[in-house]
Each structure stands twice: as structure tokens, then as C-alpha cells.
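Colleague: Before we start, here is the structure in question, set down as C-alpha cells.
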Amino acid sequence: MSTVEEPLYPIALLIDELKNDDIQLRLNSIRRLSTIARALGEERTRKELIPFLSENNDDDDEVLLAMAEELGVFIPYVGGVEHARVLLAPLETLCTVEETCVRDKAVKSLCRIGSQMKENDLVDWFVPLVKRLAAGEWFTARVSACGLFHIAYPSAPEMLKTELRSIYSQLCQDDMPMVRRSAASNLGKFAATVENAHLKAEIMQIFNNLTQDDQDSVRLLAVEGFAALGKLLEPQDCVAHIIPVIVNFSQDKSWRVRYMVANQLYELCEAVGPQPTRTDLVPAYVRLLRDNEAEVRIAAAGKVTKFSQILSPELANHHILPCVKELSSDSSQHVRSALASVIMGMAPVLGKDATIEQLLPISLSLLKDEFPDVRLNIISKLDQVNQVVGIDLLSQSLLPAIVELAEDRHWRVRLAIIEYIPLLASQLGVGFFDDKLGTLCMQWLQDKVYSIRDAAANNLIRLAEEFGRDWAMEHIIPQVLEMANSPHYLYRMTILRSISILAPVMGSEIACSKLLPVVVNASKDRVANIKFNVAKVLQSLVPIVDKSVAEKTIYPCLVELSEDSDVDVRYFANQGLQSINHATMSC
């Protein structure tokens, strides 16, 4: 008997914890509902557990949120899709609670369940649930109902469909702004399920009503849906119904609505095609680029390249470039930063001549901007201009500014330049690189900021791979070894890091003849941090050098370090000795 009771006892405990006064115990139990359901079996879950959950919904929000999430994946535990309807009742109740996150999770779970239910069950159970919520006395139920129409509508018979469209229309005119907001944000999903005949007649009327709402929070959510609606309509209908609304919205009294238009306009351009974009939407976009509010200009500036790609080079040159020039000296650094992150992408659209005459001067002014984020965004996209104008012209116009930025007072700007150097090196070629940028790469190894020194060390391996071992032997190794005697111990540590990075690329011969002696010499350094880094570098050199070198040179050095007075030095030295012993044994 005890063998039967043992596995059941924890289940009984979990069920008891569902009613416990301690919220944490109730929460733990709710999160293990699937375990309880498996123990009870499908029938008892349907007849006992689900009704219990439906009745016990007056709980803490955290418990209700966990319950709403668990019930969304509960279909297998109630007997499959044939019995999915039993899950609707507790979730319907959760759709009416005051806490927004609980309602949202309940709606999401209902959508998941509804998408798996059979058509007749949707008509018999899901549609009535939507209608009850939509007619709810408390606004929370009506808010939740708006998110369920796109699941209920496709399976409904014609008469019910007409009723559902009518109910949705009423929700869009509800007295409570929260309901209208929910209806506006879910309109796109609902419209995607509605037949074309009703789309133009009824859904567009609903959309027009929402765009004229006196609450800007409702109007801006209507803006979110216009791109989705535009893709559902034929291009000519989109031009007739959507574009006039958007042109008005681009001049809306609320900056939040204009901001949303600036964010969404590009998607509508894709839906209506190039011709209506050129005639109707370009003036609206130019207006947004020159908006009074910085937030609107930021959103519009961030789309400048995508918008230009839809236009012909002539139109982009005539309408967009003048605005870009204005924005490059905008009073808001965030506008300039948004512009800098995308402006280089305009080069392929404008072509070589316009890029040289118009875009490069703007880019140069942004490269010299007083705020580091603006400079960073330009640096990271230089390769897009290079593809259009070529490296010779780029180096003549922008390289002096890049060299200047390499010594920028903000370390993140210097870091961005370092990360761009390998790409620039491959484009400039070895001769040009040696003349202009080679010295900089070595200077960064002695920067005051660790991240710069570390990135500069990592840069060396990428340059060695790009230009070859012989070039590295001539231009990198001698300068690295010269810095090994730097009076500052942090710089000496950077050199050790550089050696450990370069050794695998340079090969065994150079590692033994040039690099290893420097490391061994550093083992006698007076700074403990240097010595334990020597131990780590020696350990990394073991697989690269010959076995005889490891035994005759590296091993004695590590033995000496293992007897050091500093505990960290001894630790890393012993690790190095273990790796040599392991390598010897494996041979």
C-alpha cells in the first residue's frame, strides 16, 4: 500500500497548496498544474481541477498571471482538442480582472487554444465567449474581447460574421478610451480575416472613425494599423482610402501621432508602390523630417535610407538630400545620431557623383561632430560609401578625419576605429596602410584604457592574417618586442597578451627565436601580475613550440615561478607545469 501512496502524497500536497494562505506556495502549485493534471488524469482534470480554478480566481495578480500562462498549454491534459472548450471558462474570468498583464496573458492563451479548436466548437463555445466579453459591464472584459475577434471570425457562419463585425464597430466607438485603444491596436489582425467585400465597406469605415478619435492615444494606435490595412487593400484602394488619412496624420496636432507616422510610413510606401509614394507621400515625409519635435525628426531620420531606396536618384537628390543636410546640423544630438546611423546607406541610391558632391561633405561634418555617438555611427558604416566612391577617394576625403578620431578623447570612439582598421586595411592595401595607419596600431598598445589596449592586441592578429607572416615579422614583431621594456607594467602586460595572440599565427620557429626569450625574461619582473601572466603565456606556447623547447626552456621557467612568494603566480605556474606533464604523458 505504501508504494501506491508515496507518489500520490506530493500530488495531494500540491492540491492542498492551491488553497494555502501563503502566496508563494500557491504560486509554486499553480506553476506545477501540469503535474497535478497528469496525476489526476484527463477526466478528473476536466471535472474537478478546471472548475476549482474557475471558482478560485480572486487571488494575487502573480498567481493569476501564472494560471493564465499554464492554461494556454493545457489542452493535452484535458483530453485533447475535443475537450478544449473546458479551458475557456477560467480564462474568460481572467480576461475580466483589473491587472493588465493578467488579461493580456489570458487573451494570448485563449488565442492559442482557439487556434487549435474544431470549427463547430469555435462556433458553439468560442464565439459566445467573445460576445459575452464584448458586452461586459466592466471595461476590462471589452478590452480583452478586442484581441479575440480574429480567432472567432473565420469559422463563424455568415450571420454571425455580420454580428461580429457590428460588435467590433461598436467597440471602436466605446465610451471608454481603453476599449477604443484595444480595438485600434487589434484592427489589423481582425481586418486580415475579413472578406474583401466587407474590408472596404465596413473595416475602412471603422478605421476612419478611429483616425478621427479625440484621444491621441487612440489615433496613434490607428496609425500602427494603417500599414497592415494597406497591404490588405488593392493599391488603388490604398491610394484612395489610406493615403489621405496618412497625409493628414503627418500634420496631426499630437507629436506622438506624427512620430508613429514617421515610424510606419516606409511600410505603407511598400504597399502602395513607387508612383503614389513620389506624388503623395514624399511631401508628407519631408514635412516629418522638418518637424518641430525632435522625437519626430529622430524617427524620420532613421528611415531616410529606406525611403530613398523607393525613390529615383533624382527625387532623392531633390527632396531628401536638402533635409539630410539640415538634419546633419540639427540642434538635437539624437537626431544627428539617428541620421549618422543610416546616412551612408544613401550612397548606392544617389550614385557616385551625388555621393562625392553632396553626401561625403555631410558625412565629414558628422565625423567631426562633438558627440561621440554621432561619430561612432558614421565610422561603423564607412564601407557602404567605399563600395560606391572607391577607396582612393574615400581615403583622400575621410581618412584624415579617421586618423584624427584615432586619438579621440572618448575611448569608445577610439575602440570603434580600432575595430574598423582591419576592414580599412584590406581595402587600402599594405603600402597605403603602412604609410597612414601602421603607427596608430602600435600607439594603441600603450593607450590609457584597457579595452583599447586589448582591442589593439587583438587587432594585430587580424592584420597579420591580412598582410601575411613576412609583413608581420617586419612591421609588428620588432615594435612589439621593443615595447616589452616599457616602464609601465600595464603596457608590459599588453605586450605579453600580444605575444600570446601572435604566436599561433607566426608559427613555431618565430615563437621560439623571437617571442619566447621576451616571455622568459619577463618572468624575472618585479610585478606579480606580470609574472602570473608570463605563466599563462608560457602555458599557451607549449602546444606551439617543439617538445624539446618546452622541456628545456619553458619547464625550468615555470618551476622557478612555482616557487614564487605570490600565491597567484604559484597557482598559474603549477597549471602550466600540469599542462606540460599532460602533454608529455599523451605523447
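The values are calculated or read from the model by the stated rules, or taken from the named source; none is laboratory data. These numbers come from a predicted model, not from an experiment. Cβ coordinates were reconstructed from backbone atoms using ideal geometry, including for glycine residues, and neighbour counts include every protein chain displayed. SASA here: full protein model, heavy atoms, side chains in, ligands and nucleic acids out. Shrake-Rupley method; radii C 1.70, N 1.55, O 1.52, S 1.80 Å.
Colleague: Among the lysines, which fall within straight-line cross-link reach of LYS303, defined as a Cα-Cα distance under 28 Å, with same-chain neighbours fewer than 8 residues apart omitted?
Modeller: LYS189, LYS231, LYS253, LYS325, LYS352, LYS368, LYS381
Colleague: Within 10 Å of each candidate Cβ there may be at most 14 other Cβ atoms; applying that plus a DSSP loop requirement, which trypsin sites (Lys or Arg not before Pro) in the range 253-329 survive?
Modeller: Answer in residue order: LYS253, ARG290.
Colleague: Roughly how many nanometres apart are two label points built 7 Å out from the Cα toward the Cβ at TYR489 and ASP525?
Modeller: A separation of 0.8 nm, rounded to one decimal place.
Colleague: Which ³J(HN,Hα) values in Hz, rounded to whole numbers, follow from the phi angles of the range 236-241 under the Karplus curve 6.51 cos²θ - 1.76 cosθ + 1.60, where θ = phi - 60° and Gly and Pro get x?
Modeller: Per residue, the Karplus-derived 3J(HN,Hα) values read 5, 5, 4, 4, 6, 9 Hz.
Colleague: Say each of SER426 and TYR571 gets a label point 7 Å from the Cα, pointing the same way as Cα to Cβ; how far apart are those two points in nm?
Modeller: 3.9 nm
Colleague: Kyte-Doolittle mean at least -0.5 and Cα extent at least 18 Å along the axis: which DSSP H helices of the chain qualify?
Modeller: Membrane-span-like by this criterion, though nothing is claimed about a membrane: 2-17, 100-114, 158-171, 177-191, 216-232, 255-272, 391-405, 411-428, 450-467, 489-506, 528-541, 567-586.
Colleague: Calculate the length of the line joining the C-alpha centroid of the range 498-563 to that of the range 157-177, in whole Å.
Modeller: Result: 77 Å between the Cα centres.
Colleague: Please work out the average accessible area per residue across the chain, using the 1.4 Å probe convention, and give it in Å².
Modeller: 46 Å²
Colleague: Hey, another quick one. Using 1/(1 + (r/R0)^6) with R0 = 35 angstrom and r between the beta carbons of LEU160 and VAL247, what's the FRET efficiency to the nearest 0.05?
Modeller: With R0 = 35 Å, the Cβ-Cβ based efficiency is 0.40.
Colleague: So what's the back-of-envelope 222 nm ellipticity for the chain, counting only DSSP H runs of four-plus at -39500 (n - 2.57) apiece and dividing by all residues, rounded to 500?
Modeller: -19500 deg cm²/dmol
Colleague: If DNA, RNA and ligands are ignored and the probe is 1.4 Å, what is the ranking of TRP471, TRP138 by accessible area, most exposed first?
Modeller: TRP138, TRP471
Colleague: If the reach is capped at under 25 angstrom between alpha carbons, list the lysines near LYS552, excluding any in the same chain fewer than eight residues apart.
Modeller: Result set, ordered by chain and number: LYS514, LYS524, LYS531, LYS536.
Colleague: Could you please state how large a percent of the accessible area of the chain is carbon and sulfur, counting protein chains only and using a 1.4 Å probe?
Modeller: Carbon-and-sulfur percentage of accessible area, whole number: 49.
Colleague: Compute the FRET efficiency between ARG44 and SER380 as 1/(1 + (r/R0)^6), taking r as their Cβ-Cβ distance and R0 = 45 Å, and round to the nearest 0.05.
Modeller: Calculated value: 0.15.
Colleague: Still on this model: Bin width 10 Å, origin at 0, all Cα-Cα pairs of the range 488-586: what percent of pairs per bin?
Modeller: Computed distribution, short to long bins: 17, 53, 28, 2.
Colleague: Assuming R0 = 35 Å, what is the FRET efficiency of SER365 and ARG31, from their Cβ-Cβ distance, to the nearest 0.05?
Modeller: The computed FRET efficiency comes out at 0.05.
Colleague: To continue, here is another question. Does the chain come out rounded, prolate or oblate, given a ≥ b ≥ c as the square roots of the eigenvalues of its C-alpha gyration tensor, rounded meaning a/c under 1.5 and, failing that, prolate meaning a/b above b/c?
Modeller: The shape class here is oblate.
Colleague: Further question on the same structure: Which peptide among 500-512, 400-412 comes first, and what is the full order, when sorted by highest mean count of other Cβ atoms within 10 Å?
Modeller: 500-512, 400-412
Colleague: Excluding residues fewer than 8 places away in the same chain, name every one of the aspartates and glutamates whose C-alpha is closer than 13 Å to that of LYS161.
Modeller: Counting by Cα, and skipping residues close in sequence, LYS161 has these aspartates and glutamates nearby: GLU195, GLU202.
Colleague: Can you give the accessible area of ASP252, probe radius 1.4 Å, in Å² rounded to 10?
Modeller: 20 Å²
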